[in-house]
């Protein structure tokens, strides 16, 4: 797996851990996602990752706290939760994109199986 996939996995793990949502979001983004460059990501998710990055850097920092910490501090808990859901959605889309080369399997066994003619017993 590529580096950004591992970073998203770790970020999602942090988000699922203990602590207040704002603390988890700050740690998940700062420690794992802040260093990801847009051009590393699949085209399908770049725009949404850029939107998340802008949201995580939307407030000017005060007293050396950093833009991410300042932005999350100004968010409401539901807004922080939306950002956390965005991180999870991006991660699942990355995994879906990584499996894009896999053949789609049928969802049911209703598809009639083709039996080769040499295996069919003739009734004569």
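Okay, residues lined up against (1) more than 19 Å from the chain's Cα centre (by Cα); (2) surrounded by fewer than 12 Cβ atoms within 10 Å (Cβ to Cβ):
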| site | (1), (2) |
| --- | --- |
| 16 | no, yes |
| 28 | no, no |
| 71 | yes, no |
| 89 | no, no |
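Pick out the one residue from 80, 11, 44 that is crowded, with 19+ Cβ neighbours inside 10 Å, in contact (Cβ under 8 Å) with a residue 12 or more places away in the chain and under 14 Å from the mean Cα position of the chain (by Cα).
Details: 80 fails: under 14 Å from the mean Cα position of the chain (by Cα); 44 fails: crowded, with 19+ Cβ neighbours inside 10 Å.
Only one candidate qualifies: 11.
Among the conditions (1) closer than 27 Å to residue 97 by Cβ; (2) modelled with pLDDT under 95, the only one that residue 80 does not satisfy is (2). Taking the criterion of being outside any helix (DSSP H, G or I) and within 16 Å of residue 11 (Cα to Cα), the residues of region 33-81 that qualify are 34, 35, 36, 37, 41. Using the structure shown, decide if residue 24 is more than 15 Å from residue 97 (Cβ to Cβ), surrounded by 14 or more Cβ atoms within 10 Å (Cβ to Cβ) and either modelled with pLDDT of 95 or more or in contact with a strand residue (DSSP E or B) (Cβ under 6 Å, 6 or more places away or on another chain) (or both). Against the criterion (more than 15 Å from residue 97 (Cβ to Cβ), surrounded by 14 or more Cβ atoms within 10 Å (Cβ to Cβ) and either modelled with pLDDT of 95 or more or in contact with a strand residue (DSSP E or B) (Cβ under 6 Å, 6 or more places away or on another chain) (or both)), residue 24 qualifies.
The values are calculated or read from the model by the stated rules, or taken from the named source; none is laboratory data. It should be emphasised that the depicted structure is a prediction, and the values quoted were computed from it without experimental measurement. Here the Cβ is made from the backbone with ideal geometry for all residues, glycine too, and neighbour counts use every protein chain on show.
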